[in-house]
1. Can you give the extra length, in nm with one decimal, that the chain gains between Arg193 and Arg178 once fully stretched, where that is 0.36 nm per residue apart less the Cα-Cα distance?
2. Under a Cβ-only charge scheme (Lys and Arg +1, Asp and Glu -1), can you give me the dipole magnitude of the chain about the Cα centre, in debye to the nearest 20?
3. Any idea what Rg and Dmax come out to for region 145-250 if you just take the C-alpha atoms, in Å?
4. For the chain, what's the relative contact order in percent, using C-alpha pairs closer than 8 Å and at least 6 residues apart?
5. Share of the chain's accessible area from carbon and sulfur, percent, 1.4 Å?
6. When the scattering of region 29-140 is computed by the Debye formula from its Cα atoms alone, each counted once and equally, what is log10 I(q)/I(0) at q = 0.19 Å⁻¹?
7. Counting only C-alpha contacts under 8 Å and six or more residues apart, can you give the relative contact order of region 76-161 as a whole percent?
8. Quote to one decimal, in nm, the extra length available between Ala165 and Asp18 on full extension: 0.36 nm per residue of separation minus the C-alpha distance between them.
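The values are calculated or read from the model by the stated rules, or taken from the named source; none is laboratory data. Fair warning: this is a prediction, and the values are worked out from it, not measured in the lab. For neighbour counting, all protein chains shown are included, and Cβ atoms are generated from backbone atoms with ideal geometry for every residue, glycine included. SASA here: full protein model, heavy atoms, side chains in, ligands and nucleic acids out. Shrake-Rupley method; radii C 1.70, N 1.55, O 1.52, S 1.80 Å.
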Amino acid sequence: MIDLAHAAGQLTLNFFGDATLAVDRKGDASPVTEADRSAERLIRQRVAESYGDDAILGEEFADTQGSSGYRWIVDPIDGTKSFICGVPLYSTLVAVEKDDQVIAGAIVIPALGESIVAAIGSGAWHCRNSDAPWTAAHVSPCDRIEDAVFLTSQVDSFANRGAGAAYDSLQSAASITRSWGDAYGYLLVATGRADIMVDPIVNPYDVAAVQPVLTEAGGQFSDWKGNPTIRGGDAFGTNGHLHPQVLSHLGS
């Protein structure tokens, strides 16, 4: 899983910062590039070669059915908007499910050389750059929302789902609000550099790798109803201490 995430992430760097890279629009108006498609093709090819009975769910191509009970969940570039703007905070996400439960995930930030990985029961492990050792990842001890760092991916996505009041409530309550979002935001929470990351609209491939990373780092991940699922259509992660407080603000 780690090797696949790193290989796909390295491939995206071949396109990163290329002013001539064509940007297409999908049916939901979100951007996609050949970098997204090429990276996902690479992962799918290698999974098919080594784990031919496994299913694959990815952002850019149709599902691949399997018979083993295992499913790979792939987002080749999470944060394509950052990617096409030349901002290095996009990520490559690879997760593994067993019987519809996510058991492992990897978040790789190719342009920064930063990675975090986790498997259920084995902890979360962080590598700051390609030359650094892997160290155990831990969430922050912050237990007061007024001291917390609150992150999100795109502010207007709250209003787009009729939850503008929830954003206003969280921003007013938190100490610092920034839009260092997408999977990078969850990585910051898992490593104790932020405390809250909220997404009003997500797909399973956006957060599958996030769930084990956050929980194994000592945090908590759920949808806006508090259910620990990647299929709720929305999501948020915290250091655990703040989860009930954030849930009450999202209820607004």
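1. Result: 4.2 nm gained on full extension.
2. Approximately 220 debye in magnitude.
3. 11.8, 32
4. 16
5. Using a 1.4 Å probe with all protein chains present, the chain comes out at 48 percent carbon and sulfur.
6. Results for region 29-140 at q = 0.19 Å⁻¹ read -1.08.
7. 14
8. Working it through step by step, the gained length comes to 49.1 nm.
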